[in-house]
Amino acid sequence: MCLCVCVCVFEQAAALGNHPELINFLLEQPSVTVDDCQGDARAWTALFYAVDEAHPEAVEALLTQPTFARADPNHPDHRGNAPLHVVCKVA
């Protein structure tokens, strides 16, 4: 499976709906980790989208994986903001 396809699926699963089962399935695949995501032009990864769209189950799925597959909650976007900054804006 191409990593670039997985990145798009991670971001879509996180942004378009609460699909933790899809995120969990993808992370169970060999050599696929959410930390490999480079994000979009804003450097937003799946975690940014899940937080921005207020999808708590997707956020939980991204953050509760084993260490090697877990989303990085400190990954900065193009402005240096972490997903927590998005939470503060959305709340």
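Descriptive notes on the structure:
- Criterion: at pLDDT below 80 and surrounded by 15 or more Cβ atoms within 10 Å (Cβ to Cβ) - qualifying residue of L16, L27: L27
- Scanning the stretch 40-65 for residues that are closer than 12 Å to V87 by Cβ and of a type in the set (D, E, K, R) yields D52, E53.
- Among the residues of the stretch 59-89, those identified as assigned to a helix (DSSP H, G or I), closer than 15 Å to W44 by Cα and either among the hydrophobic types (A, V, I, L, M, F, W, C) or within 10 Å of the chain's Cα centre (by Cα) (or both) are V59, L62, P83, L84, V86, V87.
The values are calculated or read from the model by the stated rules, or taken from the named source; none is laboratory data. No experiment lies behind these values; they were computed from the predicted model shown. In this analysis, Cβ positions are derived from the backbone assuming ideal geometry, glycine residues included, and neighbour counts consider all displayed protein chains.
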